[in-house]
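Q: Right, I'll just put the structure down here and ask away after.
The values are calculated or read from the model by the stated rules, or taken from the named source; none is laboratory data. Keep in mind that this is a model prediction, so the values were computed, not measured. Side chains included, ligands, DNA and RNA excluded: accessible areas come from the protein's heavy atoms. Shrake-Rupley method; radii C 1.70, N 1.55, O 1.52, S 1.80 Å.
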Amino acid sequence: MKTVHHWIGGKSVEGTSGESGPVTDPATGAVTTRVDFASAADVDAAVAAARTAYATWGTSSLARRTGILFRYRALLDAHREEIARLITAEHGKVHDDALGEVARGLEIVDLACGITTQLKGELSTQVSHRVDVAAIRQPLGVVAGITPFNFPAMVPLWMFPIALACGNTFVLKPSEKDPSAAVRLAELFAEAGLPEGVLNVVHGDKAAVDRLLTHPDVAAVSFVGSTPIARHIHATASANGKRVQALGGAKNHMLVLPDADLDAAADAAVSAAYGSAGERCMAVSAVVAVGATGDALVERIKERATKIVIGPGEDPASEMGPLITKAHRDKVASYVRGAAAQGCEVVLDGTDFTVKGYEEGHWIGLSLLDRVPVGADAYRDEIFGPVLCVLRAETYEEGLALINASPFGNGTAIFTRDGGAARRFQLEVEAGMVGVNVPIPVPVGYHSFGGWKDSLFGDHHMYGNDGVHFYTRGKVVTTRWPDPSEAATGVDLGFPSNG
């Protein structure tokens, strides 16, 4: 059976802990791979390799860094089919969705290739007599990334290309549920000419994570995952003097006003709720129907949802694949099975769905719950599966208040033909990313990704300008060069003049 090892110092390295975890094919339920779990010594070795590499990488020229990044970009493009197949084999998402994930990751590599513009400093001349002030940005050192199972290629690519372009070295801890894509990303970077130790990958569980959070040579930590773990990451790493960006969970709402195009809204709701089997932090999991739109909207969503083809990710006919593990599948199903008792109207129940010939796979069908009370578990929790809740509101104000009452503030959307209502919504809603007639408002690479409230712990969003600022720190340099013709002025104990 295949074993996925760590990637340390530019080569594959077996773990020393003696512990490993299973990696399953979600479509069959079969264990196809084992993945090494890192000991504290393994993590220390990766950090040591990164620290050694930083001595030269951190002072390397921008031309050298971007040259390697351009070659890496070309290799990723050439191998996108291979990376997508790895994602499908271990995560279960359909091939087209996996290809889309790689494409979105490539956007951030594109941004990193242009880092020369992002790292330009500022200069003010003659702030005083022969005095200039410059502001520059410098790398932090060794930084770490901890990434989730739902995007095993895209989220790592949101982190390390920008970090490395800024001059840092990196230790990545991907999800142990689907680790192969992360290792392949590192291998391709080595093929592009990245020096040994600049990018390292260690696998494992909480033990590996906690060692990264407390290691004295790790300067910053990036994380994407659930809110409870994001809170732990932020508290622990911050207490150990590290800079932290920890992106947590979500309950993304889509507000549908009475004037909206209901067919377009229904298409968007189905796509955003059930794409990637609902295992997206930007999935729409709650639709708020305003006024008399609810019944017609629910009927349209139901009609479209029943036509979605569910099957193995490698089957070109499949539009949605299985969930990542059996345990996760059972947890998602429990929300639907308990919904009626909590006051929900169960319009579609997908919990008994299976695929012929793949009965041991982690299958679940599409579920649709209507008239969901705000106290129901299906509404309150982040389910991370193909379950869509529909809530009713009489007015725009009531719908907005419902959305803003959520502890999450990752993303949200409004569907309307009214520009005034849309403008109000984008200013009044308490969320970090807003879509207007766009159901999943994930920003392009040169803007930044991140939420509010319990969806983000830390001050910086990911990639874009925020990403560059997170992986660098500012320095201000004040200089005075006397003219050779000037005589020394002598000692002056007064406060320096700006005149």
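Q: Rounded to the nearest 10 degrees, what's the angle between the helix 154-165 long axis and the longest principal axis of the chain, both from Cα atoms, 0 to 90?
A: The angle comes out near 10 degrees.
Q: Further, regarding this structure: Rounded to a whole number, what % of the accessible area of the chain do carbon and sulfur atoms account for, probe 1.4 Å?
A: Values: 10920 of 20370 Å².
Ligands and nucleic acids excluded, carbon and sulfur give 54 percent.
Q: Moving on to the next point. Residue 428 accessible area, nearest 10 Å², 1.4 Å probe?
A: Looks like 70 Å² after rounding.
Q: Taking Cα centroids, how far is region 102-164 from region 286-311 in Å?
A: Centre-to-centre (Cα) distance: 41 Å.
Q: Starting at the first residue of region 269-278, write each ³J(HN,Hα) from the Karplus equation 6.51 cos²θ - 1.76 cosθ + 1.60 with θ = phi - 60°, in whole Hz, x for Gly and Pro.
A: The phi angles translate into 4, 5, 4, 7, 7, 10, x, 6, 6, x Hz.
Q: Ok, one more. Subtracting the Cα-Cα distance from 0.36 nm times the residue separation, let me have the gained length for residue 423 to residue 64 in nm, one decimal.
A: Values: separation 359, 0.36 × 359 = 129.24 nm, distance 4.46 nm.
This chain segment gains 124.8 nm when fully extended.
Q: Residue by residue, what Karplus-based ³J(HN,Hα) values in Hz, rounded to whole numbers, does region 244-259 have, using 6.51, -1.76 and 1.60 with θ = phi - 60° and x for Gly and Pro?
A: Computed from phi, the couplings for region 244-259 are 9, 10, 10, 8, x, x, 7, 9, 7, 9, 10, 8, 10, 7, x, 8 Hz.
Q: Test of understanding: what is the full-extension gain from residue 134 to residue 56, defined as 0.36 nm times their sequence separation minus their Cα-Cα distance?
A: Values: separation 78, 0.36 × 78 = 28.08 nm, distance 2.42 nm.
Taking 0.36 nm per residue and subtracting the Cα distance, the gain is 25.7 nm.
Q: Just the number please: accessible area per residue for region 75-169, 1.4 Å probe, all protein chains included, in Å². Could you put the intermediate results ahead of the total?
A: Working: 3120 Å² over 95 residues.
That works out to 33 Å² per residue.
Q: So, one more: When a/c reaches 1.5 or more, the comparison of a/b and b/c decides; with that in mind, is region 6-122 rounded, prolate or oblate per its Cα gyration tensor? List each step's numbers first, then the result.
A: Values: a/c = 3.04, a/b = 1.25, b/c = 2.42.
Judged from the Cα gyration tensor, region 6-122 comes out oblate (a/c at least 1.5, b/c at or above a/b).
Q: Post the alpha-carbon centroid distance, region 1-80 to region 441-481, in whole angstrom.
A: 25
Q: Which lysines, on any chain, are close to residue 93 with Cα under 23 Å apart, when same-chain ones fewer than 8 places away are left out?
A: Residue 93 reaches 2, 173, 177, 251, 302, 307, 326, 331, 356.
Q: What list of ³J(HN,Hα) values in whole Hz, one per residue of region 279-294 in order, does the Karplus curve 6.51 cos²θ - 1.76 cosθ + 1.60 (θ = phi - 60°) give from phi, with Gly and Pro shown as x?
A: These are the phi-based 3J(HN,Hα) values: 8, 10, 6, 9, 5, 7, 10, 9, 9, 10, 8, 9, x, 8, 6, x Hz.
Q: Something else: So what's the back-of-envelope 222 nm ellipticity for the chain, counting only DSSP H runs of four-plus at -39500 (n - 2.57) apiece and dividing by all residues, rounded to 500?
A: Working: 16 runs with 183 residues, N = 499.
When only DSSP H runs of four or more count, the value is -11000 deg cm²/dmol.
Q: Where only protein heavy atoms count, and the probe is 1.4 Å, what is the accessible area per residue for region 425-484 in Å²? List each step's numbers first, then the result.
A: On the way: 3140 Å² over 60 residues.
On a per-residue basis, 52 Å².
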